[in-house]
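Written below as structure tokens is the structure these notes are about.
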Amino acid sequence: QVTQSFYGIWDKAQASLSTFGRSSLLQQSIVREVSQSNFDLRETTANTIDWTSHLGWYIDLINIEGSNTDNYGERQVSNSVVRNGRIIFTTLLPSDDPCEFGGSGWLMELDLYSGARLSFSPFDLNNDGLFNTDDYIHIDTNNNGIVDPGETFIPASGKKSKVGIISTPSIIDSADGQTEYKYTSG
């Protein structure tokens, strides 16, 4: 299938419009998917936008890890949420069997202005009420399944649904305003 993309375009509200293509946009990419902390997680790039040469950004909805070319039909079909400098959206992955209903999807959180991964974890993966490196993707460079000195921790940009297709999440703040709770269908 044709790879679908998510776009963040700068609307300059100019009197006259001129066309432009993807070459005028900053590219972000999904570079890794891992299973960790009982979740499937996504790592995306954190490329820096240059507003003198970019008119926005885009991210293709395909994991390019290992030169992968299968996009699994992923698309973004629900409303997105702009909140506190982030863009929050869900994607849909149709079922592998075209005769079956349903599928799955991803909850994604990216920087609104550049499409880059956030500098912090938007997900409390271990449910301890803290957002720290325990909630980051551990890049196991030694491939030994343990945390070794000098290994990298990267905030996840996406968390895969465990309950099927998810729509736009409802978002509720905690009483102190320090934590967001996202509720999805399923």
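The values are calculated or read from the model by the stated rules, or taken from the named source; none is laboratory data. Computed from a predicted structure; not experimentally measured. When we count neighbours, we look across all protein chains shown, and the Cβ atoms used for this are built from the backbone with ideal geometry, even at glycine. Just the protein is used for accessible areas: all its heavy atoms, side chains included, with ligands, DNA and RNA removed. Shrake-Rupley method; radii C 1.70, N 1.55, O 1.52, S 1.80 Å.
Numbers for the structure displayed
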item	result
Every residue from region 20-39 that is of a type in the set (Phe, Trp, Tyr) and open to solvent by 70 Å² or more (accessible area, probe 1.4 Å)	PHE20
Residues of region 40-60 that turn out to be open to solvent by less than 10 Å² (accessible area, probe 1.4 Å), farther than 25 Å from ALA13 by Cα and of a type outside the set (Lys, Arg), as a count	2
First in region 164-186 and acidic (Asp, Glu), second anywhere and at pLDDT 90 or above and open to solvent by 50 Å² or more (accessible area, probe 1.4 Å), Cβ under 7 Å, 6 or more apart	GLU180/ASP173
Subset of region 93-113 (residues that are closer than 20 Å to PHE123 by Cα and among the polar types (S, T, N, Q))	SER104
Residue count for region 40-64, restricted to those that are under 23 Å from TYR136 (Cα atoms) and in a loop (DSSP other than H, G, I, E, B)	5
Scan of region 130-174 for residues that are under 22 Å from GLU74 (Cα atoms) and polar (S, T, N, Q), ordered by number	SER157, SER161, SER167, THR168, SER170
Elements of type strands (runs of 3 or more DSSP E) in region 125-164, at least 1 residues being within 15 Å of PHE39 (Cβ to Cβ) and of a type in the set (A, V, I, L, M, F, W, C)	137-139, 152-154
Test: residue in region 7-19 that is within 16 Å of the chain's Cα centre (by Cα), modelled with pLDDT of 95 or more, surrounded by fewer than 16 Cβ atoms within 10 Å (Cβ to Cβ) and of a type outside the set (A, V, I, L, M)	yes
Qualifying residue in region 141-161 (condition: touching a helix residue (DSSP H, G or I) at 6+ places or on another chain (Cβ under 8 Å) and open to solvent by 40 Å² or more (accessible area, probe 1.4 Å))	yes
